[in-house]
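Asks: Pasting a structure here, questions to come.
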Amino acid sequence: MSSPSTPTVTAPRKQAGRNGVQRPGDRLFSGAARGSGLLILVILAGVAIFLITEAWPAITAPADAIPGGEGLAAYVAPLVFGTVLAATIALVVATPLAIAIALFITHYAPKRMAQGLGYLVDLLAAVPSIIYGLWGFQVVAPASVPVARWLEENLGFIPLFAGPTSSTGRTMLVAGVVLAIMILPIISAVCREVFIQTPRLNQEAALALGATRWEMIRMTVLPFGRSGIISAAMLGLGRALGETMAVAIVLSVSGGITLNLIGSGNPSTIAANIALQFPESSGIAVNTLIASGLVLFVITLAVNMSARWIVKRANRSGDGR
Amino acid sequence: MDLTSTGTTPTNDIRTPTRTSLRKRASLPRWAPAAVLAAVLGAVLVVQLLTTFNVVTLLVGTALLYIVGIYALSRTVEGRRKATDRLVTAVVTSAFGVALIPLVSVVVTVVGKGLERLDGEFFTYSMRGIVGAGGGAYHAIMGTLIVTGLAALMSVPLGMLTAIYLVEYGRGRLASAITFLVDVMTGIPSIVAGLFAYALFAVFFGPGVRMGVGGAVALAVLMTPVVVRSTEEMLKLVPNDLREAAFALGIPKWRTIVKVVLPTSLAGIATGVTLAIARVIGETAPLLVIAGTTTSMNLNPFEGRMATLPVFSYYSYVSPGVPRDPYLDRAWTAALTLILIVMVLNLGARLISTIFSPKTGR
């Protein structure tokens, strides 16, 4: 065994084997590295196992023991609805905006400024969610009231804007818009990366054929980046589904399932409901909240995995291009 | 499918609007967009000055009118294709502007409201025995530093070693499984990480447990994948020549990694770690669940509730005491402090990467 610090002349010859010489230092180090990797697996399994353990009492409890008295499914259903509704609004608002921003940074802004502008958008992601909550409550909610009034008067026939308008502005619409701002940087960052990778030759070919800049983008950049855009939107959706504090502060919650986005009675979201109820809960109520957290975990897991899957598939087909 | 659409549509589209149509049409002078913008801005400004002035509606109104104006003008002078191009340029540029409105508004709001209480007392007093005005967030700031520090202590070695495994050792199924799970871990909602920490500690310490170290575990779960990802990226950037040179000198693999690979990528890794800390330091939801809040100083993460800056801000804002104003002021100042910490960390990360990165000699 040669000491690691004084490699002997014979060592290289021994390393002719496929894996080389295994010194104790090597074994220790690679063991530690592999152990850390395995620990990640253990942690993720632990998240699932401990959540299930703590949620189990609520899953097996009789229906009338659950807060609300109608069983776990009835407790979680409006929350799931609220979660999906808020995330959908966020996605609908954020995706087109994010694509436009990504296009601006990659194809419209002066080259020298592009990186700085991208950094500016990334700053939106650096702001902690609690601050978006305070800001949404303080600034966006009051500012939204006249807009919501207008929507009610002019588009009131659509169930989404049926009203009556909430006087505080703490509505599903505002929560969705604040969420949209929060997921904007993630979506636009992924889109940006995809758009930059568009083959230069395709773009130049389009321009050489006399296409205007928009025609070039429509014919090369967007088709090339389609799967990237989809997965970016899914990643944003995953983020919006799990976002807690902004919704907890902004949204005025009072139960039921409703499609009315500008009223004062809104369904809560899973995450916000946990944040609001958990500190004051005890006993079976805690288990119920953890069970709802488990549902959220499963939903976001499914969304994120399918996003990754789309990316992977796109990459694979990209290789054969 | 992409190839065909990128390959065929251009030729189809380009052939139809013949060259002559482009050449015959006049084009707008270079200063036209600026002129339209100035005219629109002036018009909106005059209208606003006569009625009510509002920065946001001024900007939005100007952008909308400009989009319509430049399209109409270009449509009449230059034709449909160029008009569409100008329309998209205007829309895309305004979209970027729209994204900046919340950023500016957040900063203005938080700074404006937070300056009120940004004084020495805020940073040197806890809330112990305080009713109404006075007091500060010293306990919460210390709590945030302790919890985040512990989280970094757990996740940085774990994340870095995992990244080293993935880049230097990982082959086959285990490595791809870990890569996949790190991706999955990135998507764990912060509140679920908090619930996990609670569930974990509740199994050992009984229900209703509140502990600073629990918050650290939750934050570590959120932070580890970020550290893994950024370290991985940086290790991949280290040129293979360096590794091969070291191997050729007969240096063991582990020493190659420790003495050659890591020092080369250290700046990048430090940047990544700093950004990861910046990302979790503002997390509220998991700490709300597991660390709880308290009004007095608690420096022991293994014993009892521990206040943190975001949670302090949250409770001061949503359940203020009487009178309300001192509580709201403290909430905003805590938010301002938090934003300052995050911005300093972000800038620090950029500084680290610009000052130390050219060491690779490229």
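Matching residues to (1) under 30 Å from A:G210 (Cβ atoms); (2) in contact with a Lys or Arg (Cβ under 7 Å, 6 or more places away or on another chain):
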| residue | (1), (2) |
| --- | --- |
| B:R75 | yes, no |
| B:V98 | no, no |
| B:V110 | no, no |
| B:G114 | no, no |
| B:R117 | no, yes |
| B:V131 | no, no |
| B:G136 | no, no |
| B:L153 | no, no |
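Asks: Restrict the check to segment B:177-185 and report whether at least one residue is farther than 19 Å from A:M305 by Cβ and of a type outside the set (F, W, Y).
Replies: No, because not a single residue in segment B:177-185 is farther than 19 Å from A:M305 by Cβ and of a type outside the set (F, W, Y).
Asks: Say whether the condition of being assigned to a helix (DSSP H, G or I), surrounded by fewer than 24 Cβ atoms within 10 Å (Cβ to Cβ) and in contact with an Asp or Glu (Cβ under 7 Å, 6 or more places away or on another chain) is met by at least one residue in segment A:158-177.
Replies: Within segment A:158-177 (the criterion being assigned to a helix (DSSP H, G or I), surrounded by fewer than 24 Cβ atoms within 10 Å (Cβ to Cβ) and in contact with an Asp or Glu (Cβ under 7 Å, 6 or more places away or on another chain)), the answer is yes, since at least one residue qualifies.
Asks: Provide a single number: the residues in segment A:92-116 that are buried (at least 24 other Cβ atoms within 10 Å of the Cβ) and more than 8 Å from chain B (Cβ to nearest Cβ).
Replies: The number of residues fulfilling the criteria is 3.
Asks: Might you check whether a residue that is at pLDDT 90 or above, under 30 Å from A:F224 (Cβ atoms), out of contact with any Phe, Trp or Tyr (no Cβ under 6 Å at 6 or more places or on another chain) and assigned to a helix (DSSP H, G or I) occurs anywhere in segment A:81-88?
Replies: Yes: one or more hits.
Asks: Looking at A:Y119, A:Y132, which one is within 20 Å of the chain's Cα centre (by Cα), within 18 Å of B:V106 (Cα to Cα) and surrounded by fewer than 22 Cβ atoms within 10 Å (Cβ to Cβ)?
Replies: Testing whether each residue is within 20 Å of the chain's Cα centre (by Cα), within 18 Å of B:V106 (Cα to Cα) and surrounded by fewer than 22 Cβ atoms within 10 Å (Cβ to Cβ) leaves just A:Y119.
Quick grid of which residues meet (1) touching a residue at least 24 places away in the same chain (Cβ under 8 Å); (2) under 20 Å from B:L275 (Cα atoms):
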| position | (1), (2) |
| --- | --- |
| B:R117 | yes, no |
| B:V147 | yes, yes |
| B:M154 | yes, yes |
| B:M160 | yes, yes |
| B:Y169 | no, no |
| B:A175 | no, no |
| B:I178 | no, no |
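Asks: Still on this structure, please answer the following. Helices (runs of 4 or more DSSP H) wholly in segment B:258-362 with at least 1 residues that are polar (S, T, N, Q) and touching a residue at least 24 places away in the same chain (Cβ under 8 Å) - which ones?
Replies: Filter on segment B:258-362 gives B:262-281, B:309-318, B:324-356.
Here is a yes/no grid of residues against (1) within 16 Å of B:P286 (Cα to Cα); (2) not β-branched (V, I, T):
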position: A:V250; (1), (2): no, no
position: A:S254; (1), (2): no, yes
position: A:L259; (1), (2): no, yes
position: A:I262; (1), (2): no, no
position: A:P267; (1), (2): no, yes
position: A:A272; (1), (2): yes, yes
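Asks: Select, from B:A83, B:A90, the only residue that is more than 32 Å from the chain's Cα centre (by Cα), under 18 Å from A:F104 (Cα atoms) and in a helix (DSSP H, G or I).
Replies: Of the residues listed, the single one that is more than 32 Å from the chain's Cα centre (by Cα), under 18 Å from A:F104 (Cα atoms) and in a helix (DSSP H, G or I) is B:A83.
Asks: Considering segment A:183-194 alone, what residues qualify as being at the interface with chain B (Cβ under 9 Å from one of its Cβ atoms) and either within 11 Å of the chain's Cα centre (by Cα) or surrounded by fewer than 24 Cβ atoms within 10 Å (Cβ to Cβ) (or both)?
Replies: Within segment A:183-194, A:L184, A:P185 qualify.
Asks: Mind counting the residues in segment A:250-304 that are crowded, with 24+ Cβ neighbours inside 10 Å, in a loop (DSSP other than H, G, I, E, B) and of a type in the set (G, A, S)?
Replies: 1
Asks: Run down A:P185, A:P159 and say which single residue is farther than 23 Å from B:T93 by Cβ and of a type outside the set (A, V, I, L, M, F, W, C).
Replies: The match here is A:P159.
Asks: Tell me yes or no: at least one residue of segment B:227-235 is surrounded by fewer than 23 Cβ atoms within 10 Å (Cβ to Cβ), over 30 Å from A:Q277 (Cα atoms) and aliphatic (A, V, I, L, M).
Replies: Within segment B:227-235, one or more residues are surrounded by fewer than 23 Cβ atoms within 10 Å (Cβ to Cβ), over 30 Å from A:Q277 (Cα atoms) and aliphatic (A, V, I, L, M).
Asks: Something else about it: Give the number of residues within segment B:236-259 that are within 29 Å of B:A349 (Cα to Cα) and either surrounded by fewer than 17 Cβ atoms within 10 Å (Cβ to Cβ) or within 13 Å of another protein chain (Cβ to nearest Cβ) (or both).
Replies: Residues that pass the stated criteria total 13.
Asks: Still on this model: Name the residue, out of B:T62, B:T76, that is in a helix (DSSP H, G or I) and in contact (Cβ under 8 Å) with a residue 24 or more places away in the chain.
Replies: The match here is B:T62.
Asks: Ok, one more. Cβ-Cβ distance below 9 Å, separation of 6 or more or different chains: which pairs start in segment A:20-47 with a residue that is more than 7 Å from chain B (Cβ to nearest Cβ) and buried (at least 16 other Cβ atoms within 10 Å of the Cβ) and end on one that is assigned to a helix (DSSP H, G or I) and of a type in the set (K, R)?
Replies: A:V21/A:K14
Asks: Scan A:A246, A:A314, A:A291 and give me the residue that is among the hydrophobic types (A, V, I, L, M, F, W, C) and within 16 Å of the chain's Cα centre (by Cα).
Replies: From the options A:A246, A:A314, A:A291, the qualifying one is A:A246.
Asks: May I pose another question? Looking only at segment B:80-99, count every residue that is more than 7 Å from chain A (Cβ to nearest Cβ) and either among the small types (G, A, S) or surrounded by fewer than 18 Cβ atoms within 10 Å (Cβ to Cβ) (or both) and tell me the total.
Replies: Selection size over segment B:80-99: 5.
Asks: Please determine, by comparing only the residues of segment A:273-304 that are within 7 Å of another protein chain (Cβ to nearest Cβ) and among the hydroxyl-bearing types (S, T, Y), which one is farthest from B:V318 (Cα to Cα).
Replies: So the residue we want is A:T300.
Asks: Residues that are surrounded by 21 or more Cβ atoms within 10 Å (Cβ to Cβ) and within 14 Å of the chain's Cα centre (by Cα): does segment A:69-83 have at least one?
Replies: Looking for residues that are surrounded by 21 or more Cβ atoms within 10 Å (Cβ to Cβ) and within 14 Å of the chain's Cα centre (by Cα), one finds at least one in segment A:69-83, hence yes.
The values are calculated or read from the model by the stated rules, or taken from the named source; none is laboratory data. Quick caveat, the model's predicted, so the values are computed rather than measured. Cβ coordinates were reconstructed from backbone atoms using ideal geometry, including for glycine residues, and neighbour counts include every protein chain displayed.
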